[in-house]
Every structure is written in C-alpha cells, then in structure tokens.
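Okay, structure first, notes after.
The values are calculated or read from the model by the stated rules, or taken from the named source; none is laboratory data. Remember, predicted model here, so these are calculated numbers, not experimental data. Note that we place each Cβ from the backbone using ideal geometry, even for glycine, and neighbour counts take in every protein chain shown.
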Amino acid sequence: MEWWVSVPKVELHAHLNGSIRNSTLLELARELGDKGTIVFSDFEHVIRKNDRTLREVFKLFDLIHVVTTDHKTITRITKEVVEDFAAENVVYLELRTTPKRNDSIGMSKRSYMEAVVDGLRSVNLALEMKDMGVIGIDLSGNPTVGEWATFFPALKFAREQGLSVTLHCGEVPNSVEIQAMLDFLPGRIGHACCFQDEEWRKLRSYKIPVEICLTSNIRTETISSVDVHHFADLYKENHPIVLCTDDTGVFSTSLSNEYALVSSAFGLGKMELFELARKAVDFIFAGNEVKMELMKVYESAATTL
Ligand code: ZN
C-alpha cells in the first residue's frame, strides 16, 4: 500500500458529497441529532461501517443530503476532500458536484459553487494548480430517471463555450441512450458498465476515455465481480482508461487502494500501473500548462520510484 500511495496519481471521477470523511459525517450528524433534525442513532452504525451494502450506501446519501445544506459545511468538506486526496499523492484532482439551490437558507446555485471554490482556495494543492477552477461539466444522477435528450442541448452549449464534458454512461442498460451519448463524443465517460456489442464498438472507434471506478461498480452491483469487469479488455486493447474512486467516503476506498486492487485482481505490475497513472494526464480537462507541469511530476517520479 505504501508504494501505491507514493505513486503520483490523477483522479478524474470523484464526487464531492460521496467523499466526505467519516469523522466529519459523524460530527455533522451528531450536531443535527442534537438539534433534533435527525435521530443520530439511526445513522451512526452506517457511518462507522466500511463495507456498506447498496441499501446502506443509499441511507448514507440520505444523510449526506441533509448535512450538506449550508455554505460553511460545503466549504469545509471541499477543503477536506482535497486534503485527503493530496495526502495520498493525488497530484491532479477533478472534483464534481451538483450545485444545489435551497431558498430557506438563502443558497443559490451560484453561492453553492462559491462555497466549493472557497474550499478549493483554502488548500495549497489547488493554489499550485493554476487552472483549478470550473473546467468541465458532468452529467450524473439517477440513471433511471429523465432522458438524455433533455440534457443534450445544455451540454452541447457548454461544450461550444469551451467547457469539457464527461458523462455518467451505461450505469443501467439502455442501448438507445448510451449510443446517443457516445455519438455526442464526450471528452470522457464514467463507468461504461451496461454496454452491448454495438456500444463497445462505438466506444472503441471513438476512442473515448473511460473513468474506471472498480470498487463503486462492485458495491453498487453494476458489475457482479472484479474478474468480469471490463477493465481487463479495455486495458489489453490499450483503450484510454483512468482509475478513479467515484466516492472515497461512501465506498470506503482511496485512489491508492484502487491501484492496489487493480494490481492484484488483474496481475499487473507496479510499472504497468505507474504508466497507467501517467497516461491519465492526457485525459484531464485542464489546459496544456497544467499537463506540462504534471508530465514533469511523472518524469521525476519515474527516476525515484
Ligand atoms: Zn460517479
């Protein structure tokens, strides 16, 4: 594990709300319990647990939804999430979140995002990475609700304005939508789990990079076990892929852990995974200046590791 922590890593698929520290969640839940907003004992066991079932994951998200409703908390959790990734030698992080509006406490989508950016600003890593602002758009949410066609115009517009786009794609089987999403040619997609032959064909011919979230896919039962995960085929074919966590908090993982897991599950050596981490630099949404900085990080790590 020490070695996996020491490898400089690039994280491109992590949700802010799913990556909150357990200790912070406990503290926030206890405060809400004292105020009578929730019954603390209903949630305590699920926060303290590490290998949560799907049902428990949803219960935790219910709690997270309640605790992340003020600006101060959002700034705090953003800062902590960045600190945690930095502590395990993640040299570049793209954090995603859904801006929320909450009229009762005067929160607008803009002020929500300002609170997130405040959190980023208070961490050194963010300051070092000049481009660490809003650089792209992610489409996520319950994949069984709504339609791709609803979001297509907004995403198209965003891309025309110079923002990069990544899509949660193939979390549930839906050939028509998955193919339409691939035809959109997003900068990256997350998961790519429930693909049929034609979807794989399109993915390969378009060479769209895939954010692989192994532990998440297993915990949410999107993939039945690690040995049938599509990582193996994509890796073998040299398809662009990047290992990511999705939700370090909810799924009790870290990016170093995902690297270690892939190494043992698929029999890959340290150098192969080092190369995989290095290649992820090509798929980041930040500009060339940041890419060059990251390449230097890997060059120097290659000589010392
Ligand atoms: Zn996700």
With the condition kept exactly as written, say whether any residue in the range 139-150 is within 16 Å of the ligand (Cβ to nearest atom) and at pLDDT 85 or above. yes
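Starting from residues that are more than 16 Å from the ligand (Cβ to nearest atom) and under 23 Å from the mean Cα position of the chain (by Cα), keep the ones in the range 11-45 and report whichever is surrounded by the fewest Cβ atoms within 10 Å (Cβ to Cβ). Give the steps one after another, and end with the answer.
Of all residues in the range 11-45, those more than 16 Å from the ligand (Cβ to nearest atom) come to 21-45.
Those left that are additionally under 23 Å from the mean Cα position of the chain (by Cα): 21-26, 28.
Working: 21: 16, 22: 15, 23: 10, 24: 17, 25: 23, 26: 15, 28: 21.
If we take residues in the range 11-45 being more than 16 Å from the ligand (Cβ to nearest atom) and under 23 Å from the mean Cα position of the chain (by Cα), then 23 is surrounded by the fewest Cβ atoms within 10 Å (Cβ to Cβ).
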Within the range 199-231, how many residues turn out to be assigned to a helix (DSSP H, G or I), among the aliphatic types (A, V, I, L, M) and crowded, with 19+ Cβ neighbours inside 10 Å? 2
Could you give me the residue pairs with C-beta distances under 7 Å whose first residue belongs to the range 82-107 and is under 21 Å from residue 296 (Cβ atoms), whose second residue is basic (Lys, Arg) and exposed (fewer than 15 other Cβ atoms within 10 Å of the Cβ) wherever it lies, and which are 6+ apart or on separate chains? none
Of all residues in the range 251-302, how many are under 18 Å from the mean Cα position of the chain (by Cα) and under 23 Å from residue 52 (Cα atoms)? 12
Checking the structure you have, find out if any residue of the range 46-61 is within 16 Å of the ligand (Cβ to nearest atom), surrounded by 19 or more Cβ atoms within 10 Å (Cβ to Cβ), part of a loop (DSSP other than H, G, I, E, B) and not aromatic (Phe, Trp, Tyr). no
